[in-house]
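The values are calculated or read from the model by the stated rules, or taken from the named source; none is laboratory data. Only a predicted model underlies this, so the values are computations on that prediction, with no experimental measurement involved. Every residue, glycine as well, gets a Cβ built from its backbone with ideal geometry; the counts of neighbours run over all protein chains shown. Please note that ligands, DNA and RNA were not included when accessible areas were found on the heavy atoms of the full protein model with its side chains. Shrake-Rupley method; radii C 1.70, N 1.55, O 1.52, S 1.80 Å.
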Amino acid sequence: EDQVTQSPEALRLQEGESSSLNCSYTVSGLRGLFWYRQDPGKGPEFLFTLYSAGEEKEKERLKATLTKKESFLHITAPKPEDSATYLCAVHANRDDKIIFGKGTRLHILP
Amino acid sequence: NAGVTQTPKFRILKIGQSMTLQCTQDMNHNYMYWYRQDPGMGLKLIYYSVGAGITDKGEVPNGYNVSRSTTEDFPLRLELAAPSQTSVYFCASSHGTGAYGYTFGSGTRLTVV
């Protein structure tokens, strides 16, 4: 069965304190791995797609990396406006749809 | 460009009532999806559609029905509402299978009492 596990469930950081969020996955052939950001009361917002091990994508203070078993979302020198829930999702080769993890709630303290 | 529009934003239903959650997209996306999100449980796929006239069940379809008569619209029907259907519902669309990401609506918060 395809699975996506995110850790930690919640993370509190001081402004400027860099850290990483983890997404471990088990799928029968990975077509793509996605990261989304979700603010309270809103729908998820697409951030990145990663396709193969070794690939990296960057956007402002965020960098996503991918290995054969997991992905990391690195947050460098975060600001309070980076506070949100970050969702990871995977697309298996045999499917028309993606599976979401439960997310990591990130809180950046000023 | 409105993207994905969901209505209503909030709704309270009594047990046994029925309702339709509306979803419209203006991006000419062929794929559309309905998810529910419960606290601490992540997004669960209810139904999806790969094009007009084609729908398929997701992970948690029981108690729901969908139709896709046009590319733009993908309504979700709740029949005989139950407290277990209290949740936040999100509609999403994508071009193809989502390699460029899904575009989500802002959600409908439904409470069944």
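Structure summary
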{"read-out": "Carbon plus sulfur fraction of accessible area for the stretch A:3-109, probe 1.4 Å, in percent", "value": "47 percent"}
{"read-out": "Assigned charges on the beta-carbon of Lys, Arg, Asp, Glu; the stretch B:49-113 dipole about Cα centre (debye)", "value": "100 debye"}
{"read-out": "All aspartates and glutamates inside 19 Å of A:Lys57 as judged from Cα atoms, apart from same-chain residues fewer than 8 positions distant", "value": "A:Glu45, A:Glu70, A:Asp82"}
{"read-out": "Listing of the stretch B:90-106 residues, each with accessible area lower by at least 40 Å² in the full protein assembly than in the chain alone (probe 1.4 Å)", "value": "B:Thr97, B:Ala99, B:Tyr102, B:Phe104"}
{"read-out": "Protein heavy-atom accessible area occluded, B/A pair - total, 1.4 Å probe, Å²", "value": "1500 Å²"}
{"read-out": "Chymotrypsin sites (Phe, Trp or Tyr not before Pro) within the stretch A:47-99: DSSP coil, no more than 15 neighbouring Cβ in 10 Å", "value": "A:Tyr51"}
{"read-out": "The stretch B:4-112 - accessible surface per residue (Å², probe 1.4 Å)", "value": "45 Å²"}
{"read-out": "Efficiency of FRET between A:His74 and B:Ser106 - r from beta-carbon atoms, R0 45 angstrom, step 0.05", "value": "0.95"}
{"read-out": "Rounded percent of accessible protein surface that carbon and sulfur make up, the stretch B:4-112, 1.4 Å probe", "value": "53 percent"}
{"read-out": "Given charges at beta-carbon only (K, R positive; D, E negative), |dipole| of chain B in Debye", "value": "320 debye"}
{"read-out": "3J(HN,Hα) from dihedral phi, the stretch A:80-97, Karplus parametrisation 6.51/-1.76/1.60, rounded to Hz, x for glycine, proline", "value": "x, 6, 7, 5, 4, 9, 10, 10, 10, 9, 10, 10, 7, 4, 8, 10, 8, 9"}
{"read-out": "Amide H contacts of B:Gly3 (H built 1.01 Å from N, under 5 Å, at least 5 apart or other chain)", "value": "B:Asp26"}
{"read-out": "Burial of 40 Å² or greater, the stretch B:15-61 residues [accessible area, probe 1.4 Å, versus chain by itself]", "value": "B:Leu43, B:Tyr48"}
{"read-out": "Subset of A:Lys59/A:Lys102; A:Lys42/A:Lys63; A:Lys42/A:Lys68; B:Lys9/B:Lys57; A:Lys63/B:Lys57 violating a 26 Å alpha-carbon distance limit", "value": "A:Lys42/A:Lys68; A:Lys63/B:Lys57"}
{"read-out": "Selection of trypsin sites (Lys or Arg not before Pro), the stretch B:12-113, meeting DSSP coil and at most 15 other Cβ within 10 Å", "value": "B:Lys14"}
